[in-house]
Every structure is written in structure tokens, then in C-alpha cells.
1. In sequence order, what are the phi-derived ³J(HN,Hα) couplings for the stretch 67-81 according to the Karplus relation 6.51 cos²θ - 1.76 cosθ + 1.60 with θ = phi - 60°, rounded to whole Hz, with x for glycine and proline?
2. Which log10 I(q)/I(0) values, to two decimals, does the stretch 45-98 give at q = 0.14, 0.20 Å⁻¹ under the Debye formula with one point per Cα?
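Since every read-out is calculated from the coordinates, none of them should be taken as a lab result. Everything numeric in this text was worked out from a predicted model, so none of it was measured.
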Amino acid sequence: MNRSTATWVAATHRGAAGPQKLPTRFPITWLIATWEQTSGLEVDPEAYRWWKGLAQVKAQGIWQGAVRAFMEGTTGELSQAMIGIRISVLQDRETLSEIGWSDESG
């Protein structure tokens, strides 16, 4: 995916009235279809799944870094620790869901 194409797709939608801002949340199927139509390329589902998994692992590092910064006194912002803890739980659920695990089993 070329960066300018990805940025364009994420930032605007070309409607009949010209460029329009996207809503803050939209279905991934719509985003992929729009990117494919705009770029003329197709998304490889396995490659997409791999990159999504990598993004989840990287995000965990960011969230844990926020918690560690608070624990080590690098920042005194309690919000850093709380955001890191809360978001990492959501990230865990997303990652487990992606690999087919469910917290409702067992």
C-alpha cells in the first residue's frame, strides 16, 4: 500500500459533492473496498491478517511502555498508567479474537 493512497483513503471519501471527511469509525470492509477501488490493487487476506497481528503486538509495546514510564517515575501522570492498563486489556481481547480464542469458552 502506497502511503499517499492510504492517507487519502483514511482522510477523505470522494462523493458526488467532492471530498468529504470520513466518520471517526467505519467498517473495515468499507475501508478495504475503497482502498482496492482507489488503488486498483487487491488486499491479500493472509497478508492483511499478518500485518494486523503485527500492529497488535506493536500496540502492546506502546501500552506497556506507558505503564512502565509511570512505574519508573519517568512520568507522574496517572493517566499514562491507567490508559496503558485499560487499552492493553482491550488489545489482548482483540488479539485473542483474531487467533480464534474466546474469553467465553470454558
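1. These are the phi-based 3J(HN,Hα) values: 5, 4, 4, 5, 4, 8, x, 5, 10, x, 7, 4, 4, 4, 5 Hz.
2. Per q value, in the given order, log10 I(q)/I(0) is -0.40, -0.67.
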